[in-house]
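Report on the following structure.
The values are calculated or read from the model by the stated rules, or taken from the named source; none is laboratory data. Remember, it's a predicted structure, so these values are computed and weren't measured experimentally. We place every Cβ from the backbone using ideal geometry, glycine too, and count neighbours over all the protein chains shown. Remember, those area values only see protein heavy atoms, side chains included, never the ligands or the DNA or RNA. Shrake-Rupley method; radii C 1.70, N 1.55, O 1.52, S 1.80 Å.
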Amino acid sequence: MAATANGNIPRLVIGGTHSGVGKTTITGGIVAAFRQRGRRVQPFKCGPDYIDPGYLTLLAGLPCRNLDSWMLPREALIELFTHTAVKADIAVVEGVMGLYDGRDGLDYAGSTAEVARWLDAPVVLIINVAKMSGSAAAMALGYRQLDPEVKLAGVILNNIGSPKHLRWATEAVEKKAGLPVFGYLPKNAKISVPERHLGLVPTAESGELGEYAERLTAQTLATVDVDGLLNLAQRAAPLPEVSGRLFPRKEKPARVNIAVARDEAFNFYYQDNLDLLTAWGARLTPVSPLHDAGLPPEIDGIYIGGGFPEMYAGELEANAAFRKAVAAAAQAGMPLYAECGGLMYLSQGITGFQNERHAMVGLVPAWTAMQPQRTRIGYATVSVLRDNILGHKGERLRGHLFHWSKLPDPTGEAAYRILDSENQREGFVLGPEDNILASYLHLHFGSLPALAKRFIAACARWSGRGPGRSA
């Protein structure tokens, strides 16, 4: 039975003591186990992550959404959560990094703990107990006492080596920290997922992962108290009511058609960005820069998100017809928004990790060069330098940067000034009518209600002026 519209949404946050503790694996197992029990599960991921949500989407059978308490105001986050969670039987939220890791060491903004507080949700903490037993109680007790407003309700133990190890660690946590243990995963469970330079390998590249999902579900049902977690989630208090501002009261009829790049090379999107575009009147048409011969007819805009174009640079270069179609549409004035991997695709070309060079679309007047280490990771506040298809000059926007490539700093075409420590320029505003916005900055449209509507408005203004279209 789906959650009721008055905010009585069964929900659970899965946090960890630190990154790499097993949050994605264990959260995915819980989601899959709930689903096998006949529950409709809505997954969420804390923070600015695109890859982990792909696994949760696969295991839940519903698109995973992101909840970011640094990029999103409190009321917006609760609205985004409720908008989809109310349609499910239970919501499961995977945390980010350690439970209390946020913007910095003292500020919890962006942390799992802050999201859990805003959602008034019970938290289950994952502890990696490899090479410890009784010390797990000290960790659990410290996490419980650091912030009494965080409803730490239990623990799951990871990397259990033997029945005795399980008994010792469980007794310590339950008797000394006063927290129930909802189960464990054994050491060498063979349910880890592959990684690469930006984290896990996206599900778009990993096939359906059917065998992995089956092993993970079976292991979770065998060693995790799934019924106990269901009961815990169902005891969550009603959510506070918020005044909705992001979504229209009634979804608008489609008035523009936006092509969205979706394939192995481009699959980093906040699902809420797509939902907001749809809600405010956009029909979204998936296209593939890897496989399609060109853009579909009757489109009014293009959205190219992030991904791994560097891993498919040869194939992207070989599909010259699609690259030419994108360039022609943008040069004709069609609105084009590109983030991170999309920016790389719009550049003159990509110089790879081994100095191999592949031509790209050529709209951005510079080559992208892959670096041996991360160029930038972290949140960023930017000031809009020039009016563009999303922002107005002087506005401040919050976003996230995470990339291993580098482009020369933009000059007169710069879209933003980063206001944090560097005070540097970022992104490009290009095209005959400033109709191209391309940047490393990932924006969540929930951070400012106008973003999705402005993109749609720009597409509507252009609609009918393209080749073969009525004026």
Pairs please, first residue from the stretch 216-228 and more than 20 Å from residue 123 (Cα to Cα), second anywhere and modelled with pLDDT of 95 or more and open to solvent by 60 Å² or more (accessible area, probe 1.4 Å), Cβ atoms under 7 Å, 6+ apart in sequence or on different chains. 217/36
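Is it true that some residue in the stretch 400-409 is under 30 Å from residue 321 (Cβ atoms), touching a Ser or Thr at 6+ places or on another chain (Cβ under 8 Å) and open to solvent by 60 Å² or more (accessible area, probe 1.4 Å)? First the steps, then the outcome.
Here is the first cut: in the stretch 400-409, the residues under 30 Å from residue 321 (Cβ atoms) are 403-408.
After this cut, where a residue has to be touching a Ser or Thr at 6+ places or on another chain (Cβ under 8 Å) as well, the list is 403-407.
Right, trim to open to solvent by 60 Å² or more (accessible area, probe 1.4 Å) and you get 406.
Yes, the conditions are met somewhere in the stretch 400-409.
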Enumerate the pairs (first residue in the stretch 390-410 and at positive phi; second residue anywhere and surrounded by fewer than 22 Cβ atoms within 10 Å (Cβ to Cβ)) with beta-carbon separation below 8 Å, excluding pairs fewer than 6 apart on the same chain, so at least 6 apart or on different chains. 394/383; 394/384
Just a yes or no: is a residue in the stretch 292-310 among the charged types (D, E, K, R) and in contact with a His (Cβ under 7 Å, 6 or more places away or on another chain)? no
Does at least one position in the stretch 115-130 carry a residue that is buried (at least 21 other Cβ atoms within 10 Å of the Cβ), in contact (Cβ under 8 Å) with a residue 24 or more places away in the chain, closer than 26 Å to residue 273 by Cβ and touching a Phe, Trp or Tyr at 6+ places or on another chain (Cβ under 8 Å)? yes
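Yes/no matrix, rows are residues, columns are (1) more than 28 Å from residue 382 (Cα to Cα); (2) in contact with an Asp or Glu (Cβ under 8 Å, 6 or more places away or on another chain); (3) surrounded by fewer than 19 Cβ atoms within 10 Å (Cβ to Cβ):
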site: 69; (1), (2), (3): no, yes, no
site: 90; (1), (2), (3): yes, no, no
site: 94; (1), (2), (3): no, yes, no
site: 99; (1), (2), (3): no, no, no
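Those residues that are open to solvent by 80 Å² or more (accessible area, probe 1.4 Å) and over 30 Å from residue 463 (Cα atoms), I need them from the stretch 232-262; list them, please.
To start, the set of residues in the stretch 232-262 that are open to solvent by 80 Å² or more (accessible area, probe 1.4 Å) comprises 234-235, 241, 245, 249-253, 255, 262.
Scanning the stretch 232-262 gives 234, 235, 241.
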Starting from the stretch 56-76, keep only residues that are closer than 16 Å to residue 275 by Cβ and at pLDDT 95 or above, then list their pairs with residues that are hydroxyl-bearing (Ser, Thr, Tyr) and assigned to a loop (DSSP other than H, G, I, E, B) whose Cβ atoms are within a distance under 7 Å, requiring at least 6 positions of separation or different chains. 66/270
Those residues that are open to solvent by 50 Å² or more (accessible area, probe 1.4 Å) and in contact with a helix residue (DSSP H, G or I) (Cβ under 6 Å, 6 or more places away or on another chain), I need them from the stretch 145-166; list them, please. 149
Residues located in the stretch 226-246, provided they are at pLDDT 95 or above, over 30 Å from residue 403 (Cα atoms) and either under 22 Å from the mean Cα position of the chain (by Cα) or outside any helix (DSSP H, G or I) (or both): 235, 236
